[in-house]
1. Do any residues in the range 1-27 that are more than 13 Å from Val51 (Cβ to Cβ) have Cβ atoms under 6 Å from those of residues that are part of a loop (DSSP other than H, G, I, E, B) and modelled with pLDDT of 90 or more, where the two are at least six apart or on different chains, and which pairs are they?
2. Starting from residues that are more than 19 Å from Ile80 (Cα to Cα) and surrounded by 10 or more Cβ atoms within 10 Å (Cβ to Cβ), keep the ones in the range 51-68 and report whichever is modelled with the lowest pLDDT.
3. What's the total number of residues in the range 9-67 that are in contact with a Ser or Thr (Cβ under 7 Å, 6 or more places away or on another chain), assigned to a strand (DSSP E or B) and either closer than 27 Å to Asp107 by Cβ or of a type in the set (A, V, I, L, M, F, W, C) (or both)?
4. As an exercise: evaluate Gly79 against (1) in contact with a helix residue (DSSP H, G or I) (Cβ under 7 Å, 6 or more places away or on another chain); (2) part of a helix (DSSP H, G or I) and give the number of the one condition it does not meet.
5. Which of the following residues is of a type in the set (Ser, Thr, Tyr) and over 28 Å from Asn130 (Cβ atoms): Ser241, Ser169, Ser178?
6. Restricting to the range 37-50, what's the tally of residues that are crowded, with 18+ Cβ neighbours inside 10 Å and either farther than 15 Å from Tyr17 by Cβ or among the aliphatic types (A, V, I, L, M) (or both)?
7. Given the conditions (1) modelled with pLDDT of 95 or more; (2) surrounded by fewer than 22 Cβ atoms within 10 Å (Cβ to Cβ); (3) in contact with a Pro (Cβ under 9 Å, 6 or more places away or on another chain); (4) over 18 Å from Asn130 (Cα atoms), and given that Pro214 satisfies all but one, which numbered condition is not satisfied?
8. Which of the residues belonging to the range 174-217 are of a type in the set (Gly, Ala, Ser) and outside any strand (DSSP E or B)?
Amino acid sequence: MKRSDCYPTVSIVIPVYNSNYLPAPLLKSLKQLAYPKNKLEIILVEILSHVKDIRLNEIKIKNILINQKTGYSEAANRGIEESAGDFILLLNPDVQLDTLTLKYLIDCITGDKRIAIVGPRAYSMLQPNNISGFDLPVSQFNRSLGVIKPIPSKNLGQLGTNIEVEWISGSAMLFKRSLWKKLKGFDKQFFLYWEDADFCIRAKKMGLKIILVPQAKIWHQGSASVGADNPIKHYYLKRNSMIFLKKHANFKGLLVENFRTAVLVLAKIFRFIMQKHRREESYMYLLGVLDFYRGKTANLDKL
């Protein structure tokens, strides 16, 4: 390993929603990171939360309290604003990092000036040998069709070398502070979901590289804050996918997306009428479409 003074400073920013603790797997992995502790700081952005006092060896910890419902993008921006590191490691609280993950990510991003964002290979917390379905990096984005092609789990599991991608998951994402400033942060209109894809695509438009580093590993539970069965997910996933395509697809792609959405709306209306057990999910999807076209965000108290 390099001498500690050769490593850049890293701020680990962790938005925490509606909780008074950090999960044990994350705490344990942060303590065991193979990285000079004097080069690290942890920024806990506590949204409607109050995390109990924790100690992580010699790592400095800063708590930022937000006492109102705030989206992930805005919380990440707030944490980064009050951080001091040259690099930002943005983490979900429901992840666990391999001991060498941060080292591999830093080695990659500092090895090429055109690399702006890097991320690890993500495995499932519940099935540790399986690739996480929540975090598949996207290898292709067809702007004319609005079609997104993730790397299949099987291929991702067999990947042995670094690979350039369109975007990576925000569950664990390392990037330069200077990039965040140039992009003026994460777009807060996304609130929840798709903000990571938007951030990466905006970096790509600047001619920069997004790299997946398979040697770097994390394990991710997924949907821990929102809840795996929370129908509100369907609202944000649909509304925000439409916002993303409006920003980044071309004219033809937008026409295709509008047609595709019209077909799916009819299917959701039918499901709403015929399948009572899927009614709330269908309603949230339809509300997401409506709010996209109205340019509004619903006040969803169940989140």
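1. Ser4/Pro36; Tyr7/Pro36; Pro8/Asp86; Thr9/Gly85; Thr9/Asp86; Val10/Gly85; Ser11/Ser83; Ser11/Gly85
2. Among them, the one singled out is Asn57.
3. 6
4. With respect to (1) in contact with a helix residue (DSSP H, G or I) (Cβ under 7 Å, 6 or more places away or on another chain); (2) part of a helix (DSSP H, G or I), Gly79 is out only on (1).
5. Within the list Ser241, Ser169, Ser178, the selection yields Ser178.
6. Total satisfying the criteria: 8.
7. (4)
8. Scanning the range 174-217 gives Ser178, Gly185, Ala197, Ala203, Gly207.
The values are calculated or read from the model by the stated rules, or taken from the named source; none is laboratory data. The model shown is predicted, which means the values in this text are computed figures rather than measured ones. We place every Cβ from the backbone using ideal geometry, glycine too, and count neighbours over all the protein chains shown.
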